[in-house]
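The values are calculated or read from the model by the stated rules, or taken from the named source; none is laboratory data. In this text, all values refer to a predicted model and were calculated from it rather than measured experimentally. All Cβ positions, glycine included, derive from the backbone under ideal geometry; neighbour counts span all protein chains shown. Each accessible area value is taken on the protein alone, full model and side chains, heavy atoms only, with ligands, DNA and RNA left out. Shrake-Rupley method; radii C 1.70, N 1.55, O 1.52, S 1.80 Å.
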Amino acid sequence: MPSARRFARLDQLIASLGYGSRRDVEGFLRQGRVQTAGGGKLSSDLRIDPDLITFDGEPLDHPNGILVLLNKPVGYVCSHNEEEGKTVYELLPERWRKREPQVVTVGRLDKDTSGLLLLTDRHDLVHRLTSPKHHVDKVYEADLDRPLSTDAIEIFKSGTLVLKGENKPCLPAHLEILSDKKARITLQEGRYHQVRRMFAAVGNHVVGLQRLQFGHLDLSGVAEGQFKHLSIDSFTTQK
Ligand code: URA
């Protein structure tokens with residue numbers, strides 16, 4: 001799906017990318033900060049291909065949308081509400097906080113969970129990437145409080161495990177015991193605190209949790225607290 005920005009007025013386009021208000025954009029146009037390759041006169045109501053525009057001599061900041069893979073550190077919340085603490089959005093460029101549509105997380109990781117988190121302003125992608133119907137595997141590594149019994153493997157695989165306060169069983173999940181108190185779990189769902197609650201349901205307690213993979217994506221090359229851009233097309237063209 002092409003970005004709706006392709007058909008927007010120039011002032012709406014530039015404002016929606018977080019450069020400033022539409023009124024600010026009027027000023028940027030007067031100051032000559034917005035240019036087109038052809039050097040033609042630009043007005044606020046012009047509808048033009050965003051790829052032909054520069055701002056301060058640079059191409060516009062991802063006019064077709066943003067999709068990034070962040071290596072989330074522990075201690076950051078997946079929320080826009082700064083009253084909840086440090087937010088994952090603080091790890092992204094400041095201008096993105098003013099983009100419209102808003103940059104959002106694709107699902108959530110708890111404050112105490114680290115690892116792979118996707119963020120995007122392409123809201124059409126969020127459902128596609130989070131719905132269990134699309135069978136996207138999420139792989140987590142959990143550190144546990146006490147030794148894990150091998151019974152948990154069958155229980156997680158059974159598709160009958162019902163979490164406290166719910167009545168619909170979890171979809172089957174794959175559990176690999178890595179050592180006494182360390183396990184890797186692969187899920188296709190993303191219920192609230194799901195991994196912690198699944199281990200609680202078998203009498204254990206998660207003391208550390210990291211998401212290692214999301215579908216075919218992993219954390220390689222992305223240091224903690226850093227992010228990398230992903231190609232939106234590779235997701236929008238997949239079934
Ligand atoms: N499951 C959890 O319990 N927490 C997360 O952050 C992700 C999955």
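Those strands (runs of 3 or more DSSP E) of the range 122-239 in which at least 2 residues are under 25 Å from Trp96 (Cα atoms) and more than 14 Å from the ligand (Cβ to nearest atom), considering only elements entirely within it, cover 227-229. Is it the case that Leu118 is of a type in the set (A, V, I, L, M, F, W, C), out of contact with any helix residue (DSSP H, G or I) (no Cβ under 6 Å at 6 or more places or on another chain), within 15 Å of the ligand (Cβ to nearest atom) and closer than 30 Å to Ala15 by Cα? In short, yes. Within the span defined as the range 84-96, one or more residues are on the phi > 0 side of the Ramachandran plot and either acidic (Asp, Glu) or not assigned by TED's automatic domain parsing to the domain that holds Lys41 (or both). For the range 111-156, give me each residue that is surrounded by fewer than 19 Cβ atoms within 10 Å (Cβ to Cβ) and acidic (Asp, Glu). Asp112, Asp124, Asp137, Asp143, Asp145, Asp151, Glu154 - these are the residues of the range 111-156 that are surrounded by fewer than 19 Cβ atoms within 10 Å (Cβ to Cβ) and acidic (Asp, Glu). Within the range 120-164, the set of residues being basic (Lys, Arg) and without any contact (Cβ under 8 Å) to a residue 60 or more places away in the chain comprises Lys133, Arg146, Lys157, Lys164.
Could you please let me know if Gly65 is touching a Pro at 6+ places or on another chain (Cβ under 8 Å), among the small types (Gly, Ala, Ser), away from the ligand (no atom under 16 Å from the Cβ) and in a loop (DSSP other than H, G, I, E, B)? Answer is no for this residue.
Taking the criterion of being within 30 Å of the chain's Cα centre (by Cα) and either of a type in the set (Lys, Arg) or in a helix (DSSP H, G or I) (or both), the residues of the range 9-46 that qualify are Arg9, Leu10, Asp11, Gln12, Leu13, Ile14, Ala15, Ser16, Arg22, Asp24, Val25.
Against the numbered list (1) surrounded by 14 or more Cβ atoms within 10 Å (Cβ to Cβ); (2) modelled with pLDDT of 95 or more; (3) not hydroxyl-bearing (Ser, Thr, Tyr), Gly203 comes up short only at (1). Regarding Arg30, is this residue touching a residue at least 12 places away in the same chain (Cβ under 8 Å) and either open to solvent by 10 Å² or more (accessible area, probe 1.4 Å) or under 29 Å from Leu219 (Cβ atoms) (or both)? Judged against the criteria, Arg30 is not a match. A single entry from Lys239, Lys182 fulfils the requirement of being surrounded by fewer than 16 Cβ atoms within 10 Å (Cβ to Cβ) and at pLDDT below 95: Lys239.
Filter the range 74-110 down to the residues that are in contact with a strand residue (DSSP E or B) (Cβ under 9 Å, 6 or more places away or on another chain), assigned to a helix (DSSP H, G or I) and open to solvent by 30 Å² or more (accessible area, probe 1.4 Å), then identify the one that is farthest from the ligand (Cβ to nearest atom). That would be Leu91.
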